[in-house]
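Chemist: One structure follows; several queries about it will come next.
The values are calculated or read from the model by the stated rules, or taken from the named source; none is laboratory data. The shown structure was predicted, so the numbers you read here are calculated from the model rather than taken from an experiment. Here the Cβ is made from the backbone with ideal geometry for all residues, glycine too, and neighbour counts use every protein chain on show. Side chains included, ligands, DNA and RNA excluded: accessible areas come from the protein's heavy atoms. Shrake-Rupley method; radii C 1.70, N 1.55, O 1.52, S 1.80 Å.
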Amino acid sequence: MTGWLRGDLELAVLSGHGGVSIAVLIRQARRFLLVDAGDGAARDLAALPVPVDSLEGIVVTHDHGDHAAGIPALLWWLRLGRRRDPVPLLFPAAAPLARGGVALFLEALGERARVTPELRTLAADRTERLGPFAVTPFPARHRRASSDPPGELMEAYGLRIDAPGGRIIVSGDTGPHARLEREAAAADLALVEAAAGNGPASPADSHLNRAEAERIGRLAREYRLYHGGPGPA
Ligand SMILES: [Zn+2]
C-alpha cells in the first residue's frame, strides 16, 4: 500500500485503482479524514479498523464513479457502527453520483437511517475545518471520461490539507497546471496522480503521465504517486 508517515501525520492510499476505486486515508493522531470514496472504502476502513466516531469527514474530489460510488456503503458502515455525530460529506456542487448516493441511502432507510449526513459544497480556495484538518480545495483540470458526453472540463479539485505536523496536497485527477505545481512546492507531501502511466503527456487534459507526476512531485519535500500507472503508483 502506498503510504507516508511523519510523526502523528500519516497518509495511506487504501485503493489507487483508477477507473475502479480511489480512496485515500489521512490520519492525524487518532483522527481520520477520507479523501475520495471509491468502491471498497467502507470495507477498508472497517478492516483497519477506523472507529466510526473518529472519522472527521469524507471529501469527494470529483464526481467520477471510481471516486464517489462507495458513498452508500460508507453510510451503511457508519450506521451499523452507531456513529454519534453528523458526518461531514464534502462534494463539488456538480456531483449527482455522490449526492445521489446520499439520497438513495436516506430514502431507502427513512427513519432507520440513524446516521446524519452533513452535506457541504466544496468551493475553490474556501477552507473547510474538519477536526485537526484544514482542507482547501483548488481547481484541477479534469475532463469527463471518454464514455461521458465529451468535451468540457468538469468540476474537480485538488486538495491542500494542513494538519498539526505538516501539509499534504492531493492532486486529484488532473492534467498538469501551474497551481498544482505551486501547491506541491509548499507541501511536505504531494500525492500525485499518474493515471496516464507511461502514455503520452496530458492526454485530453485529464491525467498526468508518470514523468509529469514525478516532476511535480519532486517540487514537494516528499511525494508519492497513485491512481494507476505501471509500478507501485
Ligand atoms: Zn476522474
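Chemist: Please pick out the residue among 119, 180, 191 that is out of contact with any Asp or Glu (no Cβ under 8 Å at 6 or more places or on another chain), at pLDDT 95 or above and open to solvent by 10 Å² or more (accessible area, probe 1.4 Å). Show your work before the answer.
Modeler: Values: 180 fails: open to solvent by 10 Å² or more (accessible area, probe 1.4 Å); 191 fails: open to solvent by 10 Å² or more (accessible area, probe 1.4 Å).
None of the other options fit; the residue is 119.
Chemist: Could you run through the stretch 70-81 and say how many residues are open to solvent by 50 Å² or more (accessible area, probe 1.4 Å) and touching an Asp or Glu at 6+ places or on another chain (Cβ under 9 Å)?
Modeler: 1
Chemist: Could you check the stretch 205-228 and list, in sequence order, the residues that are of a type in the set (A, V, I, L, M), modelled with pLDDT under 95 and farther than 19 Å from residue 61 by Cα? Quick ask: steps written out before the conclusion?
Modeler: Applying the first criterion (of a type in the set (A, V, I, L, M)) to the stretch 205-228 yields 208, 211, 213, 216, 219-220, 225.
Right, trim to modelled with pLDDT under 95 and you get 208, 211.
The one that is of a type in the set (A, V, I, L, M), modelled with pLDDT under 95 and farther than 19 Å from residue 61 by Cα: 211.
Chemist: So which of 55, 75 ends up being more than 17 Å from residue 157 (Cβ to Cβ) and more than 15 Å from the chain's Cα centre (by Cα)?
Modeler: On the way: 55 fails: more than 15 Å from the chain's Cα centre (by Cα).
After applying the criteria, what remains is 75.
Chemist: Hey, can you tell me all the residues within the stretch 122-152 that are open to solvent by 60 Å² or more (accessible area, probe 1.4 Å) and at pLDDT below 95?
Modeler: Hits for the stretch 122-152 are 141, 143, 144, 146, 147, 149, 150, 152.
Chemist: When residues of the stretch 37-68 are filtered for being farther than 18 Å from residue 206 by Cα and within 16 Å of the ligand (Cβ to nearest atom), how many remain?
Modeler: Within the stretch 37-68, the first condition is being farther than 18 Å from residue 206 by Cα, and the residues that meet it are 37-59.
Imposing the further condition that a residue be within 16 Å of the ligand (Cβ to nearest atom) reduces the set to 37-39, 41, 59.
Residues that pass the stated criteria total 5.
Chemist: Right, here's the next one. Which count do you get for residues in the stretch 32-49 that are more than 12 Å from the chain's Cα centre (by Cα) and crowded, with 21+ Cβ neighbours inside 10 Å?
Modeler: Taking the stretch 32-49 and keeping what is more than 12 Å from the chain's Cα centre (by Cα), we get 32, 39-40, 42-49.
Now narrow it down to the ones that are crowded, with 21+ Cβ neighbours inside 10 Å: 32, 42, 45.
Residues in the stretch 32-49 being more than 12 Å from the chain's Cα centre (by Cα) and crowded, with 21+ Cβ neighbours inside 10 Å: 3 in total.
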